[in-house]
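Take a look at the structure set out below.
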Amino acid sequence: MTKFLPLIWVGIWRKPTRTVLTALAVLAGFTLLGTLGAVDAGFRHARDRSPLDVLQVDARFGTPLPLAYLEQIAAIPGVTAMVPRAFLGGFYQQPRNPIFFVATDERFFSFRPELLVSDAQKRRLAETPNGVLVGTSHANKYGWKTGDQIPLQSPTLQKNGDKTWMLEIVGVFDTTFDPPGTARFTMMNYSYFDENRSGPRGTANGFMARISNPDDAVRISGEIDALFANSGAPTRTMSERTSTENNLQGLGNINVLINGVAAAVLFMLLFLTGNTMSQSAQERMSEFATMKAMGFEGRDITAILIGESLMQCLPAAIIGLLVGVKLVVLSPQNFPRDINPPWLAITVGVLAAVIVALVSSSLPAWRLERRPLTEALRD
Amino acid sequence: MSFLANLFTVAGIGLRSLPQRKATSSVIVIGMACVVGVVVSVMSLSTGFLASASAAAKPDRAIVRARGAIGLGSSVLPRDNALTVMDAPGVKRDAQGVPIAAPNFYASVPLTKKDDGLEAFLVTEGITPREFILRPEIKLVEGRMFEPAVHEVIVGRAAQGEFVGLEIGATVSLPEGEWKIVGVFTSTGGIGESALLGDVDTLLAAFRRPQYSTVGVQLESAAAFDTFKAALTSNPSLQIDVQRESEFVASQAEGLLRFLKTIALALGTIMGLGALVGALNTMYVAVGTRTQEIATLRAIGFSPLTVVVSVFAEALALAVAGALIGGTVAWAAFDGRAHTIGGSVFNLSVTPGLVALGVGMACVVGLLGGLFPAIRAARMPIVDALRAT
């Protein structure tokens, strides 16, 4: 194949406009495929990283759950650890800066190993009642640093009727799930939140429960819900994995969209490159016939055509895929992202590019092969 | 006149020779069909959702929520406020002089979906008998009406199709145990039927909520909205937001519509660029193969402009044909198909407006794709071109 490289090179630059246009179309198409692949990988990752052995116990109908549930749930065989979660939502300075604190305690860190919080930060949080830990995204956006006092305007009133919560930043952290500087997670002390709010004291919005065997998730979830089914605050329990799946499908059927668009893009490109190759081969019918008369084999000609096609498609496709993936990484939108490069999507994309190149050169190659030499020479 | 006649002649010759360039021409058609097919399909979500959400929304009905509440479920409207709102000026009254207005309570209930077995939230709405006078589009079509003070609800036809276990006689888990489904209602289809309806006070008690969520009122006329709003907003004891039903629906749908529009725009732009490049390629080939024909036309006196226009005409015709094919395929595949986002069921809708959008995109691609090839055709030195083989 390498000995044909000069021939291939000359071949693709025979009509530079056509080659450049074709490569541009491939670039555009594969940029889109790269974007789709990265988005798909992000969703997959969000699902896969949700543990099967952590149950979320939420309020089925929004009624806050009494803390007393903690002990009742912990008593169920197979449940090994529990932590309460409450939410304090509000905004910083302006309503267009919403922020949302998870009020919990130090047991929370064992459920969320992805939070890169140092022991010193954990200690400071425990020592500072109104202390909060914030993700790097918020810290960068508002210029917060450790030691800052920040006012949070919240519809959740304090017991004195004040809607401004003064919180002290005791640490800024990243997570292993987000690119550095983009972590959005925030947390505060449950004890401080519960003591100071006007709402129903001694309640949480939900709990997290770790179970010893993931296979028991469905059974234990059922037992927990049965425990409180006839109470004033029924629960809704499922594994974090199932919860993520429910949330993702709530966005609509993303897979159908991604696959549909990818199919349309590939179909379009196949047509375009196939046509380019056909034209190019058609125009050179007599050239190829001459080469055959000079002793080139039919498969040599085929190899040259495939080489030309690959050289037009592959570099453009690879650049497009990388640009597409990068676009997703840089996007300011808040959707699940995989911090690792989506190798699967890139591999599938390169494979698709090779297939597009092979298919689009096979038809003209086959036509050349079938054409009697004497006729082709006369073209 | 003679210029126009010439134009038609040249464009006609060009278009009639199209069948000889089937393969290359089809690149524009297929490319454009793919772009328009994708964009129209994505946008059909948006038009379908909006159509379904606004089907029952009227400009002469208003909805009153607690100030700053997002959506309906988070609104908490004190009872005395609700009474003041229902009695406000601008509200239509029936023959007995009673205002046509009704309080509502909104909550959501997790239920299992039929198609994927996952859970989604279905709206549960507490209503009073007045609701059926306020919203005559709600009709009981099967079974009987729920009774107050007992655990009974009626279910919307669309919700019944979407979720498991909502047949008459079945029960759903609501607070305080199982509630029996005793009837089925229809409304304007889709989102309006994605709900359970029950007695407002019974539901409030079960959910342990003392307050209504919202109040809906029938206005004397669409124009009476200003009177109604002015009366309420000037009352310092009310902490409320007042919106026409139609405006409320539009504001609620805004986020989703913007999201879908962004996706459609991104897909349309990138795929459109691909199609444009394909179109350029095709039109260069077209001009190339018509070299002698164009030169002959020029030699016998046709102006360069007519040649330019004929190239444009060809590019446009191909692109528009592609757009129509793409639009038709999207229509055949998706129009009327049921879709859920969250717990709301609606039908995708491929409207003539969307197909027109596709044709508009095709015109842009056709014109831009024809531009450079047309200039090349018009600039061709006649003598050389005539000699070209």
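The values are calculated or read from the model by the stated rules, or taken from the named source; none is laboratory data. Every value quoted in this text rests on a predicted model; they were computed, and no experiment measured them. We place every Cβ from the backbone using ideal geometry, glycine too, and count neighbours over all the protein chains shown.
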Does residue B:252 meet the test of being closer than 22 Å to residue B:88 by Cα and either in contact (Cβ under 8 Å) with a residue 40 or more places away in the chain or crowded, with 20+ Cβ neighbours inside 10 Å (or both)?
no
Return the pairs, sorted by first residue and then second, in which the second residue is in a loop (DSSP other than H, G, I, E, B) and crowded, with 23+ Cβ neighbours inside 10 Å, the first residue lies in the stretch B:85-108 and is assigned by TED's automatic domain parsing to the domain that holds residue B:219, the beta carbons are less than 6 Å apart, and the residues are 6+ apart or on different chains.
B:104/B:213; B:105/B:213; B:106/B:213
Residue in the stretch A:223-256 that is surrounded by the most Cβ atoms within 10 Å (Cβ to Cβ), counting only those that are at the interface with chain B (Cβ under 7 Å from one of its Cβ atoms) and more than 30 Å from residue A:75 (Cβ to Cβ):
A:249
Do any residues in the stretch A:93-111 that are without any contact (Cβ under 8 Å) to a residue 24 or more places away in the chain and hydrophobic (A, V, I, L, M, F, W, C) have Cβ atoms under 7 Å from those of residues that are part of a loop (DSSP other than H, G, I, E, B) and surrounded by 14 or more Cβ atoms within 10 Å (Cβ to Cβ), where the two are at least six apart or on different chains, and which pairs are they?
A:109/A:117
Within the stretch B:315-347, count every residue that is closer than 21 Å to residue B:193 by Cα and either part of a strand (DSSP E or B) or of a type in the set (Phe, Trp, Tyr) (or both).
9
By residue number, the members of the stretch B:109-131 that are more than 27 Å from the chain's Cα centre (by Cα) and free of Cβ contacts under 8 Å to residues at least 24 places away in the same chain are B:129
Residues of the stretch A:1-48 being more than 16 Å from residue A:272 (Cα to Cα), within 37 Å of the chain's Cα centre (by Cα) and without any contact (Cβ under 8 Å) to a residue 40 or more places away in the chain, which ones?
A:48
In the stretch A:168-279, which helices (runs of 4 or more DSSP H) lie fully inside it and hold 1 or more residues that are more than 22 Å from the chain's Cα centre (by Cα)?
A:190-196, A:217-228
Residue B:177: without any contact (Cβ under 8 Å) to a residue 40 or more places away in the chain, within 14 Å of chain A (Cβ to nearest Cβ) and surrounded by fewer than 20 Cβ atoms within 10 Å (Cβ to Cβ), yes or no?
yes
Check off (1) touching a helix residue (DSSP H, G or I) at 6+ places or on another chain (Cβ under 9 Å); (2) surrounded by 21 or more Cβ atoms within 10 Å (Cβ to Cβ); (3) outside the structural domain of residue B:328 (by TED's automatic domain parsing) for residue B:75 and give me the number that stays unchecked.
(1)
Members of the stretch A:40-69 that are of a type in the set (Val, Ile, Thr) and either part of a strand (DSSP E or B) or more than 12 Å from chain B (Cβ to nearest Cβ) (or both):
A:54, A:57
When you look at residue A:37, is it at pLDDT 90 or above, in a helix (DSSP H, G or I), more than 10 Å from chain B (Cβ to nearest Cβ) and crowded, with 22+ Cβ neighbours inside 10 Å, yes or no?
yes
Please go through the stretch B:134-153 and give me each residue that is closer than 30 Å to residue B:220 by Cβ and in contact (Cβ under 8 Å) with a residue 24 or more places away in the chain, ordered by number.
B:134, B:135, B:137, B:138, B:139, B:140, B:145, B:148
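Here's the yes/no breakdown for (1) under 19 Å from residue A:131 (Cβ atoms); (2) at pLDDT 95 or above:
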residue	(1), (2)
A:156	yes, no
A:163	no, no
A:172	yes, yes
A:176	no, no
A:199	no, no
Residues of the stretch B:348-389 being in a helix (DSSP H, G or I), of a type outside the set (Val, Ile, Thr) and in contact with a Leu (Cβ under 9 Å, 6 or more places away or on another chain), which ones?
B:358, B:362, B:363, B:366, B:367, B:368, B:369, B:370, B:371, B:372, B:373, B:378
So which of A:308, A:297, A:287 is crowded, with 22+ Cβ neighbours inside 10 Å, out of contact with any Lys or Arg (no Cβ under 8 Å at 6 or more places or on another chain) and of a type in the set (D, E, K, R)?
A:308
Members of the stretch A:297-317 that are in contact with a helix residue (DSSP H, G or I) (Cβ under 8 Å, 6 or more places away or on another chain) and without any contact (Cβ under 8 Å) to a residue 60 or more places away in the chain:
A:306, A:309, A:310, A:314
Would the stretch A:73-84 turn up any residue that is assigned to a strand (DSSP E or B), within 22 Å of residue A:168 (Cα to Cα) and modelled with pLDDT of 95 or more?
yes
So, in the stretch B:264-314, how many residues would count as being in a helix (DSSP H, G or I) and of a type in the set (Phe, Trp, Tyr)?
2
Quickly run through the stretch B:181-204 and pick out the residues that are crowded, with 21+ Cβ neighbours inside 10 Å and at positive phi.
B:190
What residue, of A:136, A:128, A:104, A:80, is of a type in the set (Ser, Thr, Tyr) and loosely packed, with under 13 Cβ neighbours inside 10 Å?
A:80
Given the structure, is residue A:339 surrounded by 14 or more Cβ atoms within 10 Å (Cβ to Cβ), closer than 21 Å to residue A:44 by Cβ and modelled with pLDDT under 85?
yes
Considering each of A:31, A:17 in turn, give the residue that is part of a helix (DSSP H, G or I), within 14 Å of chain B (Cβ to nearest Cβ) and in contact with a Phe, Trp or Tyr (Cβ under 7 Å, 6 or more places away or on another chain).
A:17
